[in-house]
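Chemist: Sharing a structure here in structure tokens format.
Computed from the coordinates by the stated procedures, all read-outs in this text should not be read as laboratory data. Just so it is clear, the model here is predicted, and its values are computed rather than measured. Counting neighbours? That spans all protein chains shown, and the Cβs are built from the backbone with ideal geometry, glycine included.
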Amino acid sequence: MASGIFKALVNGILFLSMYSFVATSPLLAQCGILNAMVKGQIQHPPRGGVVRVQLVYLKHSKEQNGESGEVTLDGESFRIQIPFLTQSSSPVLGFGKSKCDLKPKIVVVTLLAGDHEYDRVSLDWTKDFEMTDPTAYTLRTPLILHSEP
């Protein structure tokens with residue numbers, strides 16, 4: 001009787017130990033968060049203008065929208081920072097390592113006011129951005145958006 005209780009207790013402890021290891025392993029193997037910095041100028045900014053930035057990823061041979069943000073214009077210049085997670089794959093059942101190499105393929109910058117789109121620029125991540133510190137990628141040259149044709 002005592003050995004049956006002891007075996008059940010040991011099996012329970014082993015089960016809980018394995019469960020906690022598998023359940024918490026993904027929490028221990030997380031990837032970093034980086035920032036995409038976009039800054040530029042607006043020629044003839046529209047009243048109530050907004051600059052929207054959308055990160056686009058290539059996943060399974062398809063483009064997918066990722067993180068985005070927008071800033072309301074206050075003058076002719078803008079600056080926006082979009083944080084993004086670099087984790088491209090997770091460990092299976094908590095075993096293995098996370099893959100931490102996810103970066104956007106394209107960054108779409110749009111100038112809007114109300115329902116009207118004034119300008120849209122698609123930037124290539126590899127060509128148009130550079131790592132300026134360990135946590136940030138910045139546009140190589142400031143962007144110029146136009147509100148008039």
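Chemist: For Lys127, which aspartates and glutamates qualify as cross-link partners when the Cα separation must be under 19 Å and same-chain residues fewer than eight apart are set aside?
Modeler: Glu63, Asp101
Chemist: Ok, one more. Quick one: Karplus J couplings for segment 33-38, per residue in order, coefficients 6.51, -1.76, 1.60, θ = phi - 60°, nearest Hz, x for Gly and Pro?
Modeler: 10, 10, 10, 9, 9, 10
Chemist: Counting Lys and Arg as +1 and Asp and Glu as -1, what is the net charge of the other residues whose Cβ lies under 12 Å from the Cβ of Gly69? Intermediate values should be presented prior to the final figure.
Modeler: Working: positive: Arg52, Arg79; negative: Glu67, Glu70.
Counting the neighbours of Gly69, the net charge comes to 0.
Chemist: Right, something else. Want the number for Met37 to Val50: 0.36 nm per residue separation, take away the alpha-carbon distance, what's left?
Modeler: My answer for the length gained is 3.1 nm.
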